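Worksheet: one structure, shown below.
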Amino acid sequence: MAPRGVWCVLLTCLFYTSSADKDFFTSIGQMTDLLYTEKDLVTSLKDYIRAEESKLEQVKKWAQKLDVLSATATQDPEGFLGHPVNAFKLMKRLNTEWGELESLVLKDMSDGFISNLTIQRQYFPNDDDQTGAAKALMRLQDTYRLDTQTISTGELPGTNTDVTMSPMTVEDCFELGKIAYSDADYYHTELWMEQALKQLDGGEESTVDMVTILDYLSYSIYQQGELERALDYTKRLLKLDSAHQRANGNLKYFEYQLAKQKKVEAEEGLKEKEKREREKREASEKKGRPADYLPERRKYEQLCRGEGIKMTPRRQSRMFCRYSDNNRHPLYVLGPVKQEDEWDRPRIIRYHDVLSNSEIEKVKELAKPRLRRATISNPITGVLETAHYRISKSAWLTAYEDPVVDKINQRIEDITGLNVKTAEELQVANYGVGGQYEPHFDFGRKDEPDAFKELGTGNRIATWLIYMSDVPSGGATVFTDVGAAVWPKKGSAVFWYNLFPSGEGDYSTRHAACPVLVGNKWVSNKWIHERGQEFRRRCTLDESD
């Protein structure tokens with residue numbers, strides 16, 4: 001067995017969390033590196049185990065040999081030592097060989113493993129990454145209306161059956177509940193503590209005891225106003241641990257509150273009873289996720305689930321697929337691009353097969369080492385900062401660093417007919433666990449006069465968005481104001497104007513990137529600016545034209 005001190009060091013290293021903010025959870029592409037790090041650590045751990053087993057095997061052989069010898073020798077000690085060879089060997093064993101055995105037992109076989117672990121530890125995720133990934137699971141749960149059992153078993157819509165999935169343990173569910181509890185999110189605390197309890201009741205072994213789960217569960221239910229259920233769980237807890245101090249206090253408090261409530265109900269007249277019942281029903285209907293800052297949350301999530309507005313047959317009849325040569329552009333006369341109308345107002349167009357697989361891989365190869373947590377511009381200060389509603393990492397690629405980037409920029413100009421020399425660099429983004437970008441505008445509004453002042457190229461007139469991967473489930477681009485949803489298709493690009501020809505912002509272009517439920521979403525985009533478009537998209541005097 002390894003010395004106790006070695007295991008203390010080992011456990012300390014395993015649970016050490018780096019203070020650096022790495023934001024691994026915001027990019028699936030970068031998280032893949034962690035799998036190889038873990039694989040290397042497992043190999044190192046197996047080497048350590050083999051070394052310990054080899055050492056123990058040597059000690060075992062020594063013990064077996066001496067066991068037989070000492071059993072024989074002690075039957076007739078004087079006779080045994082009467083033989084000079086036996087006497088010599090006893091002196092040698094006790095003076096030399098037992099010392100060698102002591103050195104072998106004390107030899108630390110973990111040096112190689114601990115050294116490797118120490119080196120790799122600097123690349124480990126930290127507490128923020130674990131919390132971010134946990135909140136991502138809860139976000140997916142809410143957006144796609146998934147129950148905890150579905151998430152725990154890993155049977156998510158769009159999951160590839162060939163992909164190995166390890167179901168969530170009681171400890172995993174408990175951890176999610178604790179993270180929700182630390183944010184005073186009692187709705188999700190209840191859901192995940194109940195799932196942990198369900199799996200314990202089902203016979204799953206766990207280091208988390210039922211008393212602890214029931215303690216969290218009863219309190220989170222009480223916080224949501226369900227006294228009777230909170231009391232039931234408290235009673236169940238006390239059957240397991242009758243001396244539990246907090247539960248005993250809660251029991252008295254819950255019983256007192258329930259008695260008080262029933263007394264009030266008994267003294268009420270018919271009208272008051274009806275009013276109370278109505279209030280109970282309303283409270284029950286409202287129970288769930290706490291209210292948040294996003295007014296269109298419900299519509300946004302409906303669109304993400306594919307429950308968007310359906311066009312009337314009349315509108316649909318005006319939507320076409322066509323081959324486009326962009327007004328007989330020389331490059332596309334013989335090889336026109338495939339164009340598809342995705343929406344009419346605002347007009348959203350998809351161009352199919354605008355990037356080849358080799359071009360996509362090259363762009364990803366260039367971007368991956370430079371991926372950094374995506375930022376937003378603070379509308380008040382103008383400072384770039386990270387935000388919980390944008391879960392991705394991005395990198396910027398310039399035209400001069402690789403011919404492929406230059407070729408993509410030229411292709412965007414040829415297809416759209418707009419000047420990209422004043423556009424922003426090509427931005428590449430990779431989404432993380434439950435990666436999303438909640439509803440936003442690409443253009444600067446009137447209350448953000450300095451949004452792109454430092455660029456000196458005017459507002460963002462148009463957006464060109466390339467999908468560089470297919471997404472098995474989730475990850476749509478939705479336009480919350482009009483109810484449009486555009487689903488990722490590898491190699492295709494969607495294009496829309498953010499500004500009317502008059503230069504006024506088109507507020508119907510408010511859009512969002514839905515959370516990625518299953519898969520790895522890569523996109524790249526080009527924000528095209530006003531300057532340079534004066535003779536390519538002429539302005540008008542009508543604000544909405």
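One table, with the values for the structure above:
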item	result
Any hit, the stretch 335-348, residues being assigned by the TED database to the domain that holds Y507, open to solvent by 90 Å² or more (accessible area, probe 1.4 Å), modelled with pLDDT of 90 or more and among the polar types (S, T, N, Q)	no
Number of the condition not met by N248 [criteria: (1) outside any helix (DSSP H, G or I); (2) without any contact (Cβ under 8 Å) to a residue 24 or more places away in the chain]	(1)
Residues being open to solvent by 30 Å² or more (accessible area, probe 1.4 Å) and either in contact with a Pro (Cβ under 6 Å, 6 or more places away or on another chain) or not assigned by the TED database to the domain that holds W464 (or both) - total across the stretch 500-517	1
Count - residues of the stretch 161-211 that are in contact (Cβ under 8 Å) with a residue 24 or more places away in the chain and not in a loop (DSSP other than H, G, I, E, B)	27
Filter pass, E57 being open to solvent by 100 Å² or more (accessible area, probe 1.4 Å), without any contact (Cβ under 8 Å) to a residue 40 or more places away in the chain and either of a type outside the set (K, R) or under 30 Å from A429 (Cβ atoms) (or both)	no
Qualifying residue in the stretch 362-381 (condition: under 19 Å from the mean Cα position of the chain (by Cα), without any contact (Cβ under 8 Å) to a residue 24 or more places away in the chain and in the same structural domain as Y332 (by the TED database))	yes
Selection within the stretch 440-458 - out of contact with any His (no Cβ under 7 Å at 6 or more places or on another chain) and over 16 Å from L384 (Cα atoms)	R445, K446, D447, G456
Per-region count, the stretch 129-184, residues touching a strand residue (DSSP E or B) at 6+ places or on another chain (Cβ under 6 Å) and at positive phi	1
Of all residues in the stretch 212-230 being in a loop (DSSP other than H, G, I, E, B) and at negative phi, the one that is farthest from the chain's Cα centre (by Cα)	E226
Members of the stretch 446-484 found to be in a strand (DSSP E or B) and within 23 Å of I415 (Cβ to Cβ), listed by number	R460, I461, A462, T463, W464, L465, I466, Y467, T477, F479, A484
Those helices (runs of 4 or more DSSP H) lying entirely in the stretch 288-368 with at least 1 residues β-branched (V, I, T)	357-367
Residue within the stretch 135-149 that is in contact (Cβ under 8 Å) with a residue 12 or more places away in the chain, surrounded by 14 or more Cβ atoms within 10 Å (Cβ to Cβ), charged (D, E, K, R) and in contact with a Lys or Arg (Cβ under 8 Å, 6 or more places away or on another chain) present	yes
Qualifying residue in the stretch 527-540 (condition: open to solvent by less than 10 Å² (accessible area, probe 1.4 Å) and not in a loop (DSSP other than H, G, I, E, B))	yes
Criterion: crowded, with 21+ Cβ neighbours inside 10 Å, more than 24 Å from Y497 (Cβ to Cβ) and modelled with pLDDT of 95 or more - qualifying residue of A367, A423	A367
Answer from T161, T131, T153 - the residue that is outside the structural domain of D47 (by the TED database) and surrounded by 13 or more Cβ atoms within 10 Å (Cβ to Cβ)	T131
Check on N430, open to solvent by less than 30 Å² (accessible area, probe 1.4 Å) and touching a Ser or Thr at 6+ places or on another chain (Cβ under 8 Å)	yes
Selection within the stretch 79-109 - open to solvent by less than 100 Å² (accessible area, probe 1.4 Å), in contact (Cβ under 8 Å) with a residue 40 or more places away in the chain and among the aliphatic types (A, V, I, L, M)	L101, L104, V105, M109
Complete set of residues in the stretch 26-44 that are farther than 26 Å from S469 by Cα and either assigned by the TED database to the domain that holds S469 or open to solvent by less than 60 Å² (accessible area, probe 1.4 Å) (or both)	L41, S44
Filter result for L384 (modelled with pLDDT under 90 and in contact with a strand residue (DSSP E or B) (Cβ under 9 Å, 6 or more places away or on another chain))	yes
Odd one out for G158, checked against (1) outside any helix (DSSP H, G or I); (2) more than 18 Å from G435 (Cβ to Cβ)	(2)
Residue selected from the stretch 451-475 under the condition of a type in the set (D, E, K, R) and within 33 Å of the chain's Cα centre (by Cα), by the criterion surrounded by the most Cβ atoms within 10 Å (Cβ to Cβ)	R460
Qualifying positions in the stretch 330-377 - acidic (D, E) and touching a His at 6+ places or on another chain (Cβ under 8 Å)	E340
Test: residue in the stretch 27-43 that is at positive phi and modelled with pLDDT of 80 or more	no
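The values are calculated or read from the model by the stated rules, or taken from the named source; none is laboratory data. Note that the structure is a prediction, hence the values are computed from the model and not measured. Cβ: placed from backbone, ideal geometry, glycine included. Neighbour counts: every protein chain shown. Ligands, DNA and RNA are stripped out before the accessible areas are found, and what is left, the full protein with its side chains, is counted by its heavy atoms. Shrake-Rupley method; radii C 1.70, N 1.55, O 1.52, S 1.80 Å.
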